[in-house]
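Chemist: After the structure tokens below, expect a handful of questions from me.
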Amino acid sequence: MEKEVQEGQVVEIQATDQGSKADLVAWAKSTGHQYIGLIEEGDVLFHYIRKCNPEKADATEKTFTQTASNDDLANVTGTILDVREAAEYAFGHIPGALSMPLGELEERMNELNKNEAIYVICRTGTRSDLAAQTLAANGFTNVYNVLPGMSEWQGETAQEL
């Protein structure tokens, strides 16, 4: 995983050992990667892990000035735009949030209403910061980067597995 997988990519690991449930969660945590979730199909366990560099993610400067907190999302009207990868979104997202991975944002931003408030969320606020900057550069004026993001989200979540 160290050389073959690039930061941000999601890896699927198939296992039949029930112990892998605890082992892979612990391994991901100890190495700084994000354990996204698990799907069980019969005797096969499909684990999903996103390669991360926590030092780099924590050190990335957040530059978009219009922000909202996770708590603010309880009382907002507008679009909650989740810019995490599809696998991250599938394993847990804010109900009603629109999935638009950061890599698809420029080609899909025409799906968004420029007259509506847009609350951009990712795992830690880094990708959502970049997405908010991209939207603002393309004429969206009512955009907010949600901090700290899904990594500390305490509200209701939905899954689409």
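The values are calculated or read from the model by the stated rules, or taken from the named source; none is laboratory data. Just so it is clear, the structure is predicted and the values come from calculations on it, not from any experiment. As a convention, Cβ positions derive from the backbone with ideal geometry for all residues, glycine included, and neighbour counts pool all protein chains shown. These area figures cover heavy atoms from the full protein model, side chains too; ligands, DNA and RNA do not enter into them. Shrake-Rupley method; radii C 1.70, N 1.55, O 1.52, S 1.80 Å.
Chemist: Considering only segment 139-152, how many residues are assigned to a strand (DSSP E or B) and open to solvent by 10 Å² or more (accessible area, probe 1.4 Å)?
Modeler: Summing the residues that are assigned to a strand (DSSP E or B) and open to solvent by 10 Å² or more (accessible area, probe 1.4 Å) in segment 139-152 gives 2.
Chemist: Which residue out of MET150, MET100 is in contact with a helix residue (DSSP H, G or I) (Cβ under 7 Å, 6 or more places away or on another chain) and among the aliphatic types (A, V, I, L, M)?
Modeler: Residue meeting the stated conditions: MET100.
Chemist: For residues that are more than 20 Å from GLU160 (Cβ to Cβ) and in a loop (DSSP other than H, G, I, E, B), scanning just segment 113-138, find the one that is most open to solvent (accessible area, probe 1.4 Å).
Modeler: Within segment 113-138, the match that is most open to solvent (accessible area, probe 1.4 Å) is ASN115.
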